[in-house]
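**Student:** Right, I'll just put the structure down here and ask away after.
Quick note: the coordinates plus some simple rules give every number you see, no bench work behind them. Computed from a predicted structure; not experimentally measured. Here the Cβ positions follow ideal geometry from the backbone for every residue, glycine too, while neighbour counts run over all protein chains shown.
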Amino acid sequence: MIVDAGHLFAGIPTTLPAERFDTLLRTGGCRLERIVSIGHATPPSEWYDQDEDEWVTLLQGRAGLRFADEDAARILTPGDYVWIPAHRRHRVEWTSHDPPTVWLALHLEGHDKSR
């Protein structure tokens, strides 16, 4: 469901069985999501390998974001952002419980990184 107005910190639960993905905007080749993680992580043997570029920022909480081509996870705190090019394998190592981790993710389909 897409809503045309709201508050980024409204409706954040204290527990979730799985990460929550809320699409805030979809237009052209762009999708903007709010992601809520409460102690969630990518399963140990899995990596994300997305067909689209993604720019992600951490709004609340803390997280460990690991890239397959790096030796250690990057520790993200509120205000940190990361550009994740399409097919750069990555995973979420951990997210905080208190407060819940809140991400803002911009997905760009067919983005030409050479521009």
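**Student:** Placing +1 at every Lys and Arg Cβ and -1 at every Asp and Glu Cβ, with all other atoms neutral, what dipole size does the chain have around its Cα centre, in debye to the nearest 20?
**Tutor:** With only Lys, Arg, Asp and Glu charged at Cβ, the dipole is about 180 debye.
**Student:** Please build a GNM for the chain, connecting alpha carbons under 10 Å apart, and tell me which residue among 18, 73, 63 fluctuates the most.
**Tutor:** Residue with maximal mean-square fluctuation among 18, 73, 63: 18.
**Student:** Something else: Can you quote the Å³ per residue value for the convex hull of the Cα atoms in the chain, rounded to an integer?
**Tutor:** Per residue, the Cα convex hull of the chain comes to 118 Å³.
**Student:** Using +1 at the Cβ of each Lys and Arg and -1 at the Cβ of each Asp and Glu in the chain, identify which of 108, 17, 86 lies farthest towards the dipole's positive end.
**Tutor:** With unit charges placed on the Cβ atoms, the residue in question is 17.
**Student:** With equal scatterers on the alpha carbons only and no solvent term, can you work out the Debye log10 of I(q)/I(0) for the stretch 1-46 at 0.22 1/Å?
**Tutor:** -0.86
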